[in-house]
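See below for the structure under consideration.
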Amino acid sequence: MPKQTRNIKSGLSVRRNEKGASAIEFSIVLPVFMALLYGIVTYATVFLLIQSFTYASEDALRAAVAVDCEGLTSQECIDDRITPAIRSQVVASLDWLPPSVKSIVLGTSGEEVVVNCSGDTCTVEVRYDNYDTNPLIPAVTLPAIGTIPRIPQHLIGRASLRV
């Protein structure tokens, strides 16, 4: 039977030949926990972006309802007042984005925001195209696991309103 020593502080007995076992276990478990943590942070960022795009689209449509179109035809109002109001509101709502992401998602002044007003429905779509090639947080490739996390190629936030 191996010799045991008694730990005075904790009252637990420790076998001398098991020293370093926890370090070996930790070295095996650490990469798994780090991959899990990295996946959580990356997915949280993706969900934050999609939810922010959707909120910005909804907020822009609320701003579009307040636009005064008196004296204009329906198409003139859409082209001259509603579309610029929607785009400027989306730009204001997504002002917190880093400049590199802003240029992809919004363009220079919101021209990348898709506004489609036809009939009695107006739809606003904010897109982050090719997120997998230009991500906010890059994916990591681990041996035996592969690329983590697997993220969709396009992140889209969309809202519609009947007017």
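Which one is farthest from TYR55 (Cα to Cα), of the residues in the range 106-144 that are surrounded by fewer than 15 Cβ atoms within 10 Å (Cβ to Cβ), within 17 Å of the chain's Cα centre (by Cα) and modelled with pLDDT of 90 or more?
Taking the candidates together, the pick is ASN130.
Of everything in the range 102-112, what is at negative phi and either free of Cβ contacts under 8 Å to residues at least 40 places away in the same chain or touching a Cys at 6+ places or on another chain (Cβ under 9 Å) (or both)? Give them in sequence order. Walk me through it before giving the result.
Going through the range 102-112, the residues at negative phi turn out to be 102-106, 108-109, 111-112.
Within the range 102-112, LYS102, SER103, ILE104, LEU106, THR108, SER109, GLU111, GLU112 qualify.
May I ask you to list the residues in the range 86-105 that are surrounded by 18 or more Cβ atoms within 10 Å (Cβ to Cβ) and over 16 Å from ARG127 (Cβ atoms)?
GLN89
Need the failing condition index for ALA60 against (1) without any contact (Cβ under 8 Å) to a residue 40 or more places away in the chain; (2) among the small types (Gly, Ala, Ser); (3) buried (at least 19 other Cβ atoms within 10 Å of the Cβ), just the number.
The failed condition is (1).
Being of a type outside the set (S, T, N, Q) and modelled with pLDDT under 95 narrows it down to one residue among LEU49, LEU36; which is it?
LEU36
Can you tell me which of (1) surrounded by 18 or more Cβ atoms within 10 Å (Cβ to Cβ); (2) of a type in the set (D, E, K, R); (3) part of a strand (DSSP E or B) is the one ARG158 doesn't meet?
Tallying (1) surrounded by 18 or more Cβ atoms within 10 Å (Cβ to Cβ); (2) of a type in the set (D, E, K, R); (3) part of a strand (DSSP E or B), ARG158 fails exactly one: (1).
Would you pick out the residues in the range 145-163 that are at pLDDT below 85 and among the aliphatic types (A, V, I, L, M)?
Our first condition is that a residue be at pLDDT below 85; within the range 145-163, this holds for 145-150, 163.
Matches in the range 145-163: ILE145, ILE148, VAL163.
What is the number of the single condition among (1) surrounded by 18 or more Cβ atoms within 10 Å (Cβ to Cβ); (2) of a type in the set (D, E, K, R); (3) assigned to a helix (DSSP H, G or I) that ARG81 does not meet?
Of (1) surrounded by 18 or more Cβ atoms within 10 Å (Cβ to Cβ); (2) of a type in the set (D, E, K, R); (3) assigned to a helix (DSSP H, G or I), only one is false for ARG81: (1).
Regarding THR141, is this residue assigned to a strand (DSSP E or B) and under 30 Å from VAL29 (Cβ atoms)?
Numbers: assigned to a strand (DSSP E or B): yes; under 30 Å from VAL29 (Cβ atoms): yes.
Judged against the criteria, THR141 is a match.
Of the residues TYR38, TYR131, which single one is closer than 22 Å to ARG158 by Cα, of a type outside the set (D, E, K, R) and touching a residue at least 40 places away in the same chain (Cβ under 8 Å)?
Values: TYR38 fails: closer than 22 Å to ARG158 by Cα.
So the residue among TYR38, TYR131 that is closer than 22 Å to ARG158 by Cα, of a type outside the set (D, E, K, R) and touching a residue at least 40 places away in the same chain (Cβ under 8 Å) is TYR131.
The values are calculated or read from the model by the stated rules, or taken from the named source; none is laboratory data. Here the structure is a predicted model, which is why all the values come from computation and not from measurement. Backbone-built Cβ (ideal geometry, glycine too); neighbour counts: all protein chains shown.
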